[in-house]
Each structure stands twice: as structure tokens, then as C-alpha cells.
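What follows is a short report on a single structure.
The values are calculated or read from the model by the stated rules, or taken from the named source; none is laboratory data. As the structure is a computational prediction, the values presented were derived from the model and not from experiment. Only protein heavy atoms, including side chains, enter the accessible area calculation; ligands, DNA and RNA are left aside. Shrake-Rupley method; radii C 1.70, N 1.55, O 1.52, S 1.80 Å.
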Amino acid sequence: MTRTSSVRRVALLAAALAALAVSCGTTPEPDRAAAGTGTAATASATAGAPEATAADPTTAPAEPDGTPTATGEKVRDAFATLQATLNESCATDCSYFLNRVHRELQELDTAMKADPKGPGHFPEPIQKIAELNKTLAGDTSFENLKKHEKLLVGTRDFINTWMQGHPDDYR
């Protein structure tokens, strides 16, 4: 019985060492989601998102002609950062909140228009953002965003509902 246990231990030890040798000897593929400088939320919160280059087309979705988008965000990533504003409000820092919702909507708009499926794939969200932009008339001051807070938050909520109803459109 002792000999059988000893043989099993040696076999298990050999298998474990072989598994470690194989896992240590390979070069893993980089995780595309972790390949950026930070998460989508931190990337959008920074002053400027990392620039995508034509030399590395995997970092961003491409325009129909093959060039990367300006922000380099995919629709699903831009939508995720917009969703991150759902539990926020003007209760703590209204200026930050309104500017963030506006910025996230603009980044989602850019990503939708640059999506390989084409801007026609997201007609309602793009139209709602266009209506918001027309109302804001280029004035993104806190005073103007506060004046149009209901429209800004309503646009975010509409797009959230629309996207939830079209999950295959952005995955």
C-alpha cells in the first residue's frame, strides 16, 4: 500500500511540474480589454483618451475606410461608461455629473458613427444625441447644461433603454 501511495504522489508531482513548465514556457496573448492604459471609465475621465494609430488597428474600431476612430472607443465600451452614470446625480457634484453625462453621450455618438456596422445601425440614439446637441447649441457651460438637465438625463435614459433592447447591436 505504501508503494502505491508513493507512486501516486510522484505521478501527481510530475503532472504538477509539467503543468507549471508548460504555463511558464508560453507567451500569453495580451488581454485586449486590459491592453489599454486603464479601464474605459478611467480613460474617459482623463483629459485625453489614448490616440489610436493606423499602425495598430486592434486598439480601436475602424471607420468605414479603415482608419481608426478619434476616441478609439467601441460602442460597447462607450455604452458601459455611459451606464456608469446611471447611479449618479446632481446631489453631490452637479457640474461634474452633467459634464460627465454630456461627455459620455458625445463619446457614444462618435463610437456609433464610427462603428463598422455604420451609423444607420443606431438611428434612434444618434438622432436623440443630435437633438440634444442642437438644443445645447455648442454651449457646454455648467449653466447651460443645468438649464437642460432634464433633456440631458432624459437622452441618457432613452439611450440606455434603447441599447438594452438591442444587445446584439453593440456586442
- Query: Under a 1.4 angstrom probe, counting protein chains only, how are Asp157, Asp168 ranked by accessible area, largest first?
  - Reply: Asp168, Asp157
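What whole-number volume per residue, in cubic angstrom, does the convex hull of the C-alpha atoms of the stretch 85-171 give?
Taking the convex hull of the Cα positions in the stretch 85-171, it is 88 Å³ per residue.
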